[in-house]
Structure formats: structure tokens, C-alpha cells
Amino acid sequence: MEEAKPEDTVSEIEGLRMPLGAHLEELRRRVVYSLISIVLCFILCWFFKVQILDMAKRPHKFAMEKVGLSTELQVLSYQEGFYAYMKLCFITSVFLAYPFVIYQIWQFVSAGLYKKEQRYVLLFLPVSYAAFVVGGLFGYFLLIPFGLQFLIGILGPGIQPIITMKDYVSFVFMLTVALGLVFQLPLVMLLLSKIRFITPDKFIAWRKYAILVIFIIAAIVTPPDPFTQSMTAIPMIVLYELGILIARPTKKGFFLLGTIVGGGILLLLMFYFYFTHKGGEVNLLDTRGEVQFLHPEGQEWEKVANHTRFRNGVTLKTGSEGMTALSTRKGIDIGMDANTEVHIVDSLKLRMKSGQILISVKGLKTPLEIDTPNGRIRTERGTLNIVAKDFITIVTAVKGDAVLVTEGEEKKLLEGRQHKMSIGGEPVDIGAIINWSEGVINKSAGGE
């Protein structure tokens, strides 16, 4: 039997290759299919844009409720909401169409690969998609909510942030997409080592430079704060070590990766404990009936629903059948009766407009001040019952004592005593006095 000549084999391979025009036509067809899938997913997402936004807002709600701020997003122009919805639906449609797009890429490149290369790519694509989803979920459930809480928490009291819908959508999906791509790192490293483009020894030698590059990338894709940068860089370092271990499994590599993963988990648990136990300055303990709140510089009252923590500067108001109990980080407990309005200026100052409160102070170095329509009350420890009306405030020292200040004059209220505070004297029936005086004048005139 006559053996095939090398020239014949080369000719056969050349005959199987697609012409350049056919390659371009195949590429155009795959790109068109991918674009059609994205457009169809976009149309579907547009019908559910409100539900998608509500899902995307959950990290924002979590962060804002933790620090006691409004969870609503703002728009600064009429068209901003439309463009934000467009971006939201487009990015969501890319997520949904991603498996189909990956399939189209596979159909295009598989024809030019050897069987061994096809096996590598066929395994790489679904694992890549899974890693992309895991990275996005890491950002959605961990990095974004705790990062937002950190950024809002450092503002301090007296500052009301304005979070726009456009900025939030851009921020969330920039981080989720970036983290989805970052989680591809071990697979990329494995693929490069399998095709012998970069050996595992090179990855080990470049470790210190890789860590520097990782922190630079984390600083680019995250806001300029150390918390979110660290929360992004640490998983990237873990993924880099995982890529080395996958490319060349060693006992030392397993030990190093285990140490990094254990330290990372411990650090995440510390952050989680800190943020989940770091409430606002004001924490609601119990709420019954209608209770509303007004944020600093807010325009409309909101019902207390899922809110349990607030920052200083909030105003709380109960309805005709509403009651609530709250505590502050200074150890002050307040019970508000029906038809009561209290403005919490800061941790050591309240402004009571009307109603009745029972306030308990465990022990303060600096006295708590309570402003009422008829004077000021100061106390360092004990329990006070305060009833504030338009012309009179009744203060009862249930336990401990207090200092009452009315028109510049101080009076000490002892335990078990009650005092009525009023500006300009006790309230009287002015109408009765006018009638009496008119009668006296009429009688005097008649006697003349």
C-alpha cells in the first residue's frame, strides 16, 4: 500500500480550511444571533424593569436601614430615570443572554481547534460562566451592601446623602461585572499553563508583583475607600493562589491557600459582625399602631415599616393609637405615648413638641437635655414622665431627680415630686377675664 506523502497531507488540511470570506460570514452570523438574543432579553427585561430595580436595590436598602436613612433613590432630571432603566435592562439582558452568547462563540471557534483543545474549551466555558455568576453574587451579597454601609456610615450625623438612581445602577453593575470577570482568574491561569504559554513557576515568581497589580485593579474598579478595595483585593489574591494550585498542586500550595482562605474568612466574619451589630444612633424596640418618622431635611413623613434603626436628627411621631419604644447608643430608653412628637437632635439632646414620654437614663457624665414648649429639662440618671402641652409641661420624677429651666430660672425636681412648667405664668381663661373686666367697667360707668 502506497504511503501518503507529506505534501498530500498538507494539501488535505488546506482543503479542509474555510476561506477567509466564509470565516467572516460565519462570524457575522454568530454575532447577529448573539445580538438578537440580547435584544429579545432586553425587551423581556423592560416589562419587568421595576421588579429588576427592586431586586438591585436590596443592597442599598440593607445599608440604608442599618444606618437609619431613607431607602429611596433620587432622580435629578426627567430623563435620568429612563436612561437608568435602559442601562439596568441592558446589563440584565447581557447576563441572561450570556450562555447563548458563549454557545455562539463555541460554535465559531470549535471548527478551528484540535480535539484536545476542544475538550479544554468545552470544559472552560461552563466553568467560566459559573465563576462569573459566583463573582457577581459575592458582590451582590457581601461587597456592595457592606461597602455601601461603610461609605454612608463615615458621613456622620447631620448629613443627608442624595443617592441617584443613575449612580447607583452604574455602581452596582460595575462592581458585579468587575467581580464576575475577576473570578475568571484561576481558569485563565490554568488555561495559560495548559497551553504552556506561562508556566506555574512564573506565576509563583510573579506573586509579589501580582499582589501589587491586584490592589491597583481593586482601586480602579471600586470606590476610593480602603474597605471596598480590601474586600475586592483579598478574594483576588485568594483566586491567584488558587490558580497556582490548580496549575501545579503541591502540599505547600495547599497550606498557603488554606492560610489565606482562613484569614480571609475570619476577616469577613469580623466585618460582618461589626456591620450587623453596628446600628444607628436610635434603635426602635417596639412599635404599635401608626408611627411615622421624618428624616433630617426631609419633606414628607414616612411610615415606620422595616425601619428599626435611625440616625440622630430624625423626628418620630405617633398617631392617635400609636405607641413606640426606642433606645439610643448612650443608654437612654424612651417610651412614646399616642399623639406624641419628638425630635432627636443628637445623642444628648431631645426636642419634645407635644404628647407624653417616659424617659429612663441609666447614668451619664454629661446631662441629657429635653427641650419642651415651656422650658428645658436636664437629667443625668433616673426616670422621668413628661407631658407636654401648648401652655404647660408637667414633669414627674419617678426615679432620680432633674433640673428644670424656665425663663432662665432653674428649679430642682426631687424624686417622687411633680412640677408644672409654664412660660409667662399659669394659663388662664382670657375670655372670662375680659367679660369680667367689661362688666366692671359698665357698672362703673352706670354709677356715674
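Per-structure values
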item	result
Restricting the range 317-337 to residues that are surrounded by fewer than 20 Cβ atoms within 10 Å (Cβ to Cβ), of a type in the set (Gly, Ala, Ser) and over 15 Å from Asn385 (Cβ atoms), the residue that is nearest to the chain's Cα centre (by Cα)	Ser327
Residue match in the range 30-40 (condition: closer than 15 Å to Pro145 by Cα, surrounded by fewer than 19 Cβ atoms within 10 Å (Cβ to Cβ) and either in contact (Cβ under 8 Å) with a residue 12 or more places away in the chain or of a type outside the set (Phe, Trp, Tyr) (or both))	no
Residue pairs meeting the criteria (Cβ under 9 Å; at least 6 apart or on separate chains; first closer than 16 Å to Asp54 by Cβ, in the range 68-93; second small (Gly, Ala, Ser) and at pLDDT below 85)	Ser70/Gly298; Thr71/Ala63
Residues within the range 135-189 that are open to solvent by less than 30 Å² (accessible area, probe 1.4 Å), closer than 17 Å to Ile234 by Cα, in contact (Cβ under 8 Å) with a residue 60 or more places away in the chain and hydroxyl-bearing (Ser, Thr, Tyr), tallied	0
Unique residue being of a type in the set (Val, Ile, Thr) and part of a loop (DSSP other than H, G, I, E, B) when the list is Ile105, Ile162	Ile162
Hits in the range 67-99 (condition: open to solvent by less than 30 Å² (accessible area, probe 1.4 Å) and in a helix (DSSP H, G or I))	Val67, Glu80, Gly81, Ala84, Leu88, Cys89, Thr92, Ser93, Ala97
Matching residues, the range 100-134, being open to solvent by less than 60 Å² (accessible area, probe 1.4 Å), free of Cβ contacts under 8 Å to residues at least 60 places away in the same chain and touching a Leu at 6+ places or on another chain (Cβ under 9 Å)	Ile102, Trp106, Ser110, Val121, Ser128, Ala131, Phe132
Lone unmet requirement of (1) open to solvent by less than 30 Å² (accessible area, probe 1.4 Å); (2) at pLDDT below 80; (3) small (Gly, Ala, Ser) for Gly400	(2)
Elements of type strands (runs of 3 or more DSSP E) in the range 305-370, at least 3 residues being among the basic types (Lys, Arg)	349-361
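The values are calculated or read from the model by the stated rules, or taken from the named source; none is laboratory data. This structure is a prediction, so every number in the text was calculated from the model and none was measured. Virtual Cβ from ideal backbone geometry, glycine too; neighbours counted across all protein chains shown. Note: areas computed on protein heavy atoms with side chains; ligands, DNA, RNA excluded. Shrake-Rupley method; radii C 1.70, N 1.55, O 1.52, S 1.80 Å.
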